[in-house]
Amino acid sequence: MPDLLNVPDRQEMLDRAAQIAPELEKWAQATNELRKLHPESFALIRDAGMFRMLQPRRLGGYELDLNTFNLVTRELAKACPSTAWVLGVSGAHTWILAMYPEACQDAIAAVDPETFIPGALTPQGRATPAEGGMRVSGQWQFASGVNHGAWAMFGASLASTTTERPTGVHFFVPRSDLTIVDTWHSMGLRGTGSNDVVLDDVFVPDHMILPDGQLFANGTEYAKRHETLGYSCIPIFTGLAFILTGPVIGIAETALGAFVERTLEWKDVFIRASKAHRVQIQVRLAQAQDEIRSAKARVAGVMELFDHLIAEGRRATTEERILAKWQICEAGEACKNAVDRLFVAAGSHSVFDDSVLQRAFRDLHVAKNHSFLDIDLAREMRGRVELGLDPGTPLF
């Protein structure tokens, strides 16, 4: 357990992010070419303590809040979006680990003290009850960072159900039980290594498993045993979607900065006048700036909600969860719209592989396609609740 007097605060973690950003940026292209994190990039974020931000203090982690984690991944995404995305996804799983029995936490930390945990939470496999646990088979897509983890987390549906066994579970398995299928040939976020994973009749003991109803609905008894209340107060689906907005905003801010820098030195090829004087360019820039500011303001509102929940020691109401999920998804949509607007305004020079705008366009569209940032579903849920209906889905 760390000395609590030496646990870094938000500003220190942001300072660490700033210190390693130039090196991360240097390895960003190599990471994309490898289609997984470059070893140097992985070492940079590990050695900077980034994996410990959401790790329970009882395991040696910092047990910081999701708001700090969001801001740090936002900054790292400006240097290497793929690295920030992998950190976000693995950090989300470490955050969830704090909601599992201590025996599960200890088993993972004994093998990997950093608890870097890739995986895929969607229930793409099938689990069959067995004595002392269950047996799991299936193939999972989009397991970001899976090439680097000693453990991984997945979701599955139960092949048979009883009163004691609900329909869905989430569980942790060691790397030795995985078969990684090289499928990640993607448009963007190429360095995340989000490959498929196969489990073939793997036994998972009970202490590494939690039923979805317990994990996602009301929190777990284990989450309440830590120093901070963040684990037990913030609903998982809301927290997971919120985590993804860190890299998304960072990518959009990078695109905005690159566009301004390019425009200041950009001349029209026909009349040789600066394009900075063109009204269309000025208008698109202003619109993009407003969209990114809107995204940051929406996320700041969710941060404020999380702070209130932790201070009051309570779970979010259904209305608060719906509103937060909608704000998160609207923030992602605003960032996508801003980058699209800048990409078009930049003209033909934005299409080359060495263009920051081209990379931002690709990375942001892949990020925004994550199911937790589904804008149509978020708007539907908000509309249903405003009309007095149920949300229509548990994914909030």
Notebook entry, point to check: Of these, GLN280, GLN287, GLN358, which one is open to solvent by 40 Å² or more (accessible area, probe 1.4 Å), at pLDDT 95 or above and either closer than 24 Å to ASN67 by Cα or more than 21 Å from the chain's Cα centre (by Cα) (or both)?
Noted result: GLN287
Checklist line | Residues satisfying the stated conditions in segment 231-244, i.e. out of contact with any Lys or Arg (no Cβ under 8 Å at 6 or more places or on another chain) and either open to solvent by 10 Å² or more (accessible area, probe 1.4 Å) or within 21 Å of LEU189 (Cα to Cα) (or both) | finding: LEU240, PHE242, ILE243, LEU244
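Please specify each residue of segment 65-81 satisfying the condition of being assigned to a loop (DSSP other than H, G, I, E, B) and surrounded by fewer than 24 Cβ atoms within 10 Å (Cβ to Cβ).
Within segment 65-81, ASP65, LYS78, ALA79 qualify.
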Note to self: Against the conditions (1) of a type in the set (A, V, I, L, M, F, W, C); (2) open to solvent by 20 Å² or more (accessible area, probe 1.4 Å); (3) more than 29 Å from THR238 (Cβ to Cβ); (4) touching a residue at least 60 places away in the same chain (Cβ under 8 Å), where does VAL202 fall short? Just the number, please.
What the structure shows: (2)
Note to self: Being buried (at least 24 other Cβ atoms within 10 Å of the Cβ) and not in a loop (DSSP other than H, G, I, E, B) is the filter here; which residues of segment 341-355 pass it?
What the structure shows: LEU342
Notebook entry, point to check: What's the number of the condition PRO391 fails, among (1) out of contact with any Asp or Glu (no Cβ under 6 Å at 6 or more places or on another chain); (2) open to solvent by less than 50 Å² (accessible area, probe 1.4 Å); (3) not in a loop (DSSP other than H, G, I, E, B)?
Noted result: (3)
Notebook entry, point to check: What do you reckon, is THR254 among the β-branched types (Val, Ile, Thr), in a loop (DSSP other than H, G, I, E, B) and over 20 Å from TRP151 (Cβ atoms)?
Noted result: no
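Counting just the residues of segment 367-388 that are crowded, with 18+ Cβ neighbours inside 10 Å and under 21 Å from the mean Cα position of the chain (by Cα), which one comes out nearest to THR317 (Cα to Cα)?
Of everything passing the filter in segment 367-388, ALA378 is nearest to THR317 (Cα to Cα).
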Next item on the list: Can you run down the residue pairs with Cβ atoms below 6 Å, 6 or more apart or on separate chains, where the first is in segment 2-21 and farther than 18 Å from PHE42 by Cβ and the partner is at pLDDT 95 or above and surrounded by fewer than 17 Cβ atoms within 10 Å (Cβ to Cβ)?
Entry: PRO2/GLY60
Notebook entry, point to check: Pairs, please: C-beta under 9 Å, at least 6 apart or cross-chain, first residue assigned to a helix (DSSP H, G or I) and in segment 358-375, second surrounded by fewer than 24 Cβ atoms within 10 Å (Cβ to Cβ) and of a type in the set (Ser, Thr, Tyr)?
Noted result: GLN358/SER350; ARG359/THR254; ALA360/THR254; PHE361/SER350; PHE361/SER355; ARG362/SER186; VAL366/SER186; SER371/THR122
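I'd like the residue in segment 315-340 that is in a helix (DSSP H, G or I) and either among the polar types (S, T, N, Q) or open to solvent by 60 Å² or more (accessible area, probe 1.4 Å) (or both) and, out of all such residues, is nearest to GLY188 (Cα to Cα). Reasoning before the result, please.
Here is the first cut: in segment 315-340, the ones in a helix (DSSP H, G or I) are 318-340.
Okay, now just the ones that are also either among the polar types (S, T, N, Q) or open to solvent by 60 Å² or more (accessible area, probe 1.4 Å) (or both), so 318-319, 323, 327, 337.
Values: THR318: 34, GLU319: 34, LEU323: 29, GLN327: 24, ASN337: 16 Å.
Among residues in segment 315-340 that are in a helix (DSSP H, G or I) and either among the polar types (S, T, N, Q) or open to solvent by 60 Å² or more (accessible area, probe 1.4 Å) (or both), the one nearest to GLY188 (Cα to Cα) is ASN337.
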Check: Looking only at residues in segment 1-48 that are hydrophobic (A, V, I, L, M, F, W, C) and modelled with pLDDT under 95, which one is surrounded by the most Cβ atoms within 10 Å (Cβ to Cβ)?
Finding: VAL7
Checklist line | Residue in segment 213-234 that is free of Cβ contacts under 8 Å to residues at least 60 places away in the same chain, within 30 Å of HIS349 (Cα to Cα) and touching a strand residue (DSSP E or B) at 6+ places or on another chain (Cβ under 9 Å) present | finding: no
Note to self: I'd like to check something: does segment 280-293 contain any residue that is of a type in the set (Asp, Glu) and part of a helix (DSSP H, G or I)?
What the structure shows: yes
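For residues in segment 209-223 being open to solvent by 40 Å² or more (accessible area, probe 1.4 Å) and over 19 Å from THR128 (Cα atoms), which is farthest from the chain's Cα centre (by Cα)?
So, considering only residues that are open to solvent by 40 Å² or more (accessible area, probe 1.4 Å) and over 19 Å from THR128 (Cα atoms), the one farthest from the chain's Cα centre (by Cα) is GLU221.
The values are calculated or read from the model by the stated rules, or taken from the named source; none is laboratory data. Please read all numbers here as calculations on a predicted model, not as lab measurements. Cβ: placed from backbone, ideal geometry, glycine included. Neighbour counts: every protein chain shown. Areas reflect the complete protein model, heavy atoms only, side chains present, ligands, DNA and RNA absent. Shrake-Rupley method; radii C 1.70, N 1.55, O 1.52, S 1.80 Å.
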